[in-house]
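Notes to accompany the following structure.
The values are calculated or read from the model by the stated rules, or taken from the named source; none is laboratory data. A quick note: this is a predicted structure, and the numbers were derived from the prediction, not measured. When we count neighbours, we look across all protein chains shown, and the Cβ atoms used for this are built from the backbone with ideal geometry, even at glycine. What goes into the accessible areas is simple: the full protein's heavy atoms, side chains included, and nothing from ligands, DNA or RNA. Shrake-Rupley method; radii C 1.70, N 1.55, O 1.52, S 1.80 Å.
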Amino acid sequence: MLSIAMAFSLSACGIKAPPKPPAPPQVLVKRIGEYIYIKPVGNEKLKVKGFTYENGIFLKKDKSSACFEIKGKESSSLYCVPPAIEKRPLIVKAYRKFRIHIILKGFKRYRLYKHPIDKPFNPFQESITTGNNAILPPDFSSFCYAITGIEDGIESSPTEVCFKKQTPPIPQTPKNLNFMIYNGKIYIYWEPNEDNGYTIGYLVYKNDKLLTKKPIHSNVFVDKLPKGFTVFKVEAVGEYGTKSKPAELQITLKALKQALGF
């Protein structure tokens, strides 16, 4: 009760309470192998003695345990990091089979940093945490992964694996293309592709004119009843824009009359 009364008395007399101490600099600090990285959060200007500044990041090569002072605009703070991990991840196997497969050894957990072949990885970019057997999303561009091992929250020096640009797989040609007549409409249908996810949709052509502006997900297409000889074609479309050879269905006037019961 005394502290509450004192605060009320000071406020009533117009005496201000002691000012709050300035907040410490807002930073991200990482050790990856022999390097220590510091990144400011936001636009705060920092000073860190003994560190170089490159592309928005302070860095220093020092594999021993280290403490350093980070000075901000209004305050400073002391940060410490443990020593570097001496070993690196071992890549047992890395290959591309639609998805990216990387088999690793040496740690229980790993962190993967994806980056262009001709540029270094960013230690603060979005990364993937994985176990010994990493199965990653498909990507047919040229790129690298910098792979670090994680031990007691510290990351080892990275091991690099790179992939060359590759042509994406071509979907299978749709099979058993056929038609039926119902309620004055023609229904074109085919078997859905089962090609490990290569196919994301289908394009339908009528007499070489594209009827579907975007790939459709259904394996049935409904159109108005043709009046004479008509050729329908269906192409499967892959996730990366590749197209299959077209399946072709020629519908003669005789076939139309038979389907209509004439």
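Mind checking the angle between helix 2-12 and the chain's longest principal axis? C-alpha axes, 0 to 90 degrees, to the nearest 10.
90
Where only protein heavy atoms count, and the probe is 1.4 Å, what is the accessible area per residue for the range 97-232 in Å²?
Here the per-residue accessible area is 58 Å².
Using only the Cα atoms of the range 152-260, what are the Rg and Dmax in Å?
So, for the range 152-260, Rg and Dmax equal 20.2, 76 Å respectively.
With a 1.4 Å probe and all protein chains kept in place, how much accessible area does residue 80 have, in Å² rounded to the nearest 10?
For residue 80, solvent-accessible area is about 80 Å².
If packing is taken as the mean number of other Cβ atoms within 10 Å per residue, what is the order of 54-63, 107-116, highest first?
Packing order, densest peptide first, comes out as 107-116, 54-63.
Å³ per residue of the Cα convex hull, for the chain?
Taking the convex hull of the Cα positions in the chain, it is 280 Å³ per residue.
Give me the one-decimal nm value for the distance between modelled label points at residue 181 and residue 207, 7 Å along each residue's Cα-to-Cβ direction.
Taking the two extended label points, one gets 1.8 nm.
If the elastic network links every pair of Cα atoms under 10 Å, which of 157, 77, 244 fluctuates the most in the Gaussian network model of the chain?
77
Rank-order 216-226, 25-35 by packing density, defined as the average count of other C-beta atoms within 10 Å over each peptide's residues, highest first.
Going by the mean number of other Cβ atoms within 10 Å, highest first, we get 25-35, 216-226.
Could you sort 194, 155 by accessible area so the largest value comes first, with the probe set to 1.4 Å?
From most exposed to least exposed: 194, 155.
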